[in-house]
């Protein structure tokens, strides 16, 4: 709670007016405060002190030989185990999703609103993870905490990420004992503040204002991730999103417009087909054409359509046949190619 209070206070606008609060990152002060508080508890014998699994736990090498011993070569015999590929695929998917989500969040935090090349990022991550695996390292992803730390420190170029990596490498090698004194609770305080910045109440209000088609997949994805895990939650969210996409595609397959009356002879109806008319639009098209009144003049405009599925063409062809019995005049507009397909 103390670390959380320090970090929140450090981030306040009235504090950021002073030069020292701009130069010294709030996250660094938060971590130092966490170490000092825990050391005071340990030295005083307080039951509030934390040890073991609640602290950062890095391997410590006392000499160069021990340092080299931290690296291990792959066990190639495991390639015959089918479980390996399931785990590898899961890690690849989760790591890629985490990186893509981090990139999305970082681009929003970037004051210059630059767009990161996701393809290049994933390729670099793949190469890095292959290299890490060959020496016994864990897979890595983009992390919003590191990205936000760079942004808060005024970083503007990719050099900040390179320097960041070098600093991590140097500190892990030379001062692991000090890093192992950091309470995970202090790091959690930083994560809470960064997480709140990315998921403010205003974000939920904005998503709600976009309508249920946007808000429901958004909120269901969040709930699913909280109650399952990242991979399952994203999968559930994608399934819900696909449902809404298909429903919207079904509803907005064409524009129906009743233009005028032709001197009592019947209604003139204009149907403008969408850019893509798939089999999903067959049902709505069938219902619409079936309800067209007798003695009407119907214009089916496919000039904006790039793809018209065979099922939709078949519905129009059948309508042309039934229209003759209802005294409905059917006019086709658009490219000669698609009209030829309908007529044939």
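Values quoted throughout were computed directly from the atomic coordinates according to the rules given, and no laboratory measurement underlies them. Source: prediction; values computed, not measured. Here the Cβ positions follow ideal geometry from the backbone for every residue, glycine too, while neighbour counts run over all protein chains shown.
A Förster radius of 35 Å, combined with the Cβ-Cβ distance separating residue 86 from residue 309, puts the computed FRET efficiency at roughly 0.45.
Sequence-distant contacts, meaning Cα pairs under 8 Å at least 6 residues apart, place the relative contact order of the chain at 13 percent. With helices as the sole contributors, the chain gives -19000 deg cm²/dmol at 222 nm; each DSSP H run of n ≥ 4 counts as -39500 (n - 2.57), and the sum is divided by every residue.
Where both bridge residues fall in the chain, DSSP classifies roughly 40% of the beta bridges as antiparallel. In the chain, the longest principal axis of the Cα atoms and the axis of helix 82-109 are about 90 degrees apart.
Taking a ≥ b ≥ c as the square roots of the eigenvalues of the Cα gyration tensor, segment 202-251 is classed as oblate, since a/c reaches at least 1.5 and a/b does not exceed b/c. Rg then Dmax, both in Å and based on the Cα atoms of the chain: 30.5, 99. For segment 1-129, what value does the Rg/Rh ratio take when both radii are computed over Cα atoms and Rh is the Kirkwood radius, given to two decimals? Ratio value, two decimals: 1.08. Straightening the chain between residue 299 and residue 220 buys 24.3 nm, computed as 0.36 nm per residue apart minus the Cα-Cα spacing. Against the chain, whose longest principal axis is taken from its Cα atoms, helix 159-174 shows a tilt of about 40°. Packing here is the average count of other Cβ atoms within 10 Å per residue, and on that basis the peptides 98-105, 316-323, highest first, run 98-105, 316-323.
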